[in-house]
Structure formats: C-alpha cells, structure tokens
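The numbers here are math on the coordinates, done by the rules we state, and not lab data. Keep in mind it's a predicted model, so treat the numbers as computed, not measured. Cβ atoms come from the backbone with ideal geometry, glycine included; neighbour counts cover every protein chain shown.
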Amino acid sequence: MLAVNFLLLGAVLFSIGVFGVIARRNAVMVLMSVELILNAVNLNLIAFALLHGNVDGQVFALYVIAVAAAEVGVGLGMVLLVYRNRRSISLDELSEMKG
Amino acid sequence: MIVAADNINVAQNVAFGIIAFLMVFSALCVVTTKNVVHAALWLVLVLAGVAAQYVLAAAEFVAVSQVLVYVGAVMVLFLFGIMLTRAQIGKERGLNNKSWALGIPVALMLGGLLSYVIIDEFDDTTMPDAGPTPTEAIADNVLAPYLVPFLAISFILLAAAIGSIVLARKD
C-alpha cells in the first residue's frame, strides 16, 4: 500500500470541503462541508500514524473527532438561534457586522 | 506511481480504490446536490467510507469511534438541524451563493497544490504492513503523555453541551 493513496484521498476530500464552504449559502450545508474538511485531516493523521508506526496520530484523530462533535453541537445551536430570530439561515443575509 | 509497486497487498489496494471512489463521488454529491436531506445522507456514506479506510490503515479503535460519533450522533444532530430549520422537504432554490462558481478554481488550485506537494514528497513511499493496533497502546498514550489535552477535551465537551443548551433553549 502506497502512502500517496491515503494522502491524495485526504487532499481531494479537503478540496471538495473547501469548495462546499465557499459555494454554499445554507448554514447547515456549510457545517457539513466543515465536517468533510475535518475528516480529510483525520485521514491524513491516521495515514501518518501508520507510516511512522506509532499511535500518536490515532490519539490526535480521536481528539479531532471529539472537538468536531462539540463544534457541530454549538454550530447547530447557533443555526437554530439564527433561524428563530430571522426565519432564514442564509449566511449572506447575516451582514450586520460588515463595516 | 499511484497503483504500481511490487511487494504490494493487492486486495488491500483494490478495497482502498473502491472505497475511495465511493467517498469522492459521495463528497461531490454532498457539495452539489439541491436537496439538503440528500446531502446529509450522502455525508453518511462519506463518513462510513472514512471509517472503512481507518480499518484498512490498521486503526480499528478510531474506526469504531468514527462510526459511533459521526455516523451515529453527528448525523442525527444534522438531520434534527435540517428538520428544525426548514419548512419543506425537497428541492430548494438558493442553496448556493451567487458567486458559487468562484469556489471551483479555488478548490482546483488548492487540490492541485496539495497533490503536487504530496506526490513530490511521498512518490513511492510504501506503508509498512502493520497489524491491528492494540487499544492498550492508545490508552497508554491518552492517559500518560496526552493527559492534559484529554482533560481539555472533556472541558470543551462540557462547555459545548452547556453552551448549546443555553443557545437553543426558548426563554
């Protein structure tokens, strides 16, 4: 098994996630794209853990999974709050803080 | 370069290729579909594929955690978020920004740059043939050298739980 396989898969998933974050307007869809990005990073961590033969990368991947779960919880709470106040979750309507 | 090497485990590579193709296709569907619920279901496929790749990379404990946390909990949370913030189920207009096409060159350039660097550095590095990782090794790492980040993670989870309750509760 070549190291390039895993790393290229991670790079492709990361790029797709970045495209989703840029292109999507719906806040829930942006959160899904962020999950894609975090999973790409986790894939790289696991690949390097296998490549170097120690488990530090796996421990880091577990921590990233935990932080991602917390991030989704808080993010969806904020999305619900925005929806309740404005009846819409379009991100381009949230421009009050633009200078 | 990508698939050609001697002394390689053919079955492992074939499995990797099939799962990787499925994952990339599903990820493209996640960012292009017009239906939010379908996007969530495609995301399930991507996350399950990531778990399968972890098994192929001899990281069973992380794979099980991935299934438990992502496929089990995070997806339910996403579906709840979709149901609570949208009236209609089905195709929806205005899911994309007006300038969404700008994302294509950005993503292509980013992917090209990352792929160039990766291929340049790891052109024919082969993975060592590793057996399953004993969970004891992960536990030894979490509870000795990475204990402080572990405690920090538990505080983050506590703060996130309390914070989302405070944010989402109706007064």
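Modelled label positions at A:Arg87 and B:Ser99, each set 7 Å beyond Cα in the direction of Cβ, lie 2.9 nm from each other.
Distance from the alpha carbon centroid of the range A:17-37 to that of the range B:99-120 works out to 16 angstrom.
Where nothing but the Cβ of Lys and Arg (+1) and of Asp and Glu (-1) is charged, how large is the charge dipole of chain B around its Cα centre, in debye to the nearest 20?
On the way: 7 positive and 11 negative charges, 285 e Å.
Dipole about the Cα centre, nearest 20: 1360 debye.
Using just its DSSP H runs of length 4 or more, each adding -39500 (n - 2.57), the protein assembly as shown gives a mean residue ellipticity at 222 nm of -24000 deg cm²/dmol after division by all residues.
By the rule of a C-alpha distance below 23 Å, with chain neighbours fewer than 8 residues away ignored, the lysines paired with B:Lys98 are A:Lys98, B:Lys34.
State, to one decimal in nm², a quarter of the convex hull surface area for the C-alpha atoms of chain A, i.e. the direction-averaged projected area. It would help to have the intermediate numbers written out before the result.
On the way: hull surface 29.9 nm².
Seen from a random direction, the Cα hull of chain A projects 7.5 nm² on average.
The alpha carbon radius of gyration of the protein assembly as shown, expressed as a multiple of 2.2 N^0.38 Å, is 1.05.
For the range B:1-153, what is the Kirkwood estimate of the hydrodynamic radius, computed as the reciprocal of the mean inverse distance between distinct Cα atoms, to one decimal in Å? Taking every pair of different Cα atoms in the range B:1-153, averaging 1/r and inverting gives 18.9 Å. Multiplying each eigenvalue of the alpha-carbon gyration tensor of the range B:33-78 by 5 and taking the square root yields semi-axes of 22, 12, 4 Å, largest first, rounded to whole angstroms. Each residue of the range A:23-39 was assigned a 3J(HN,Hα) from its phi angle through the Karplus curve 6.51 cos²θ - 1.76 cosθ + 1.60 (θ = phi - 60°); the sequence is 7, 7, 10, 6, 5, 5, 5, 5, 4, 4, 5, 5, 4, 4, 4, 5, 5 Hz, with glycine and proline shown as x. Once backbone amide H atoms are built at 1.01 Å from N, A:Arg24 has B:Asn97 as its partners under 5 Å, excluding neighbours fewer than 5 places away on the same chain.
Net charge near A:Leu50: determine it from the other residues with C-beta under 14 Å of the C-beta of A:Leu50, scoring Lys and Arg +1 and Asp and Glu -1. Kindly include the intermediate steps, with their values, before the conclusion.
On the way: positive: none; negative: A:Asp56, B:Glu60, B:Asp129.
Summing Lys and Arg as +1 and Asp and Glu as -1 gives -3.
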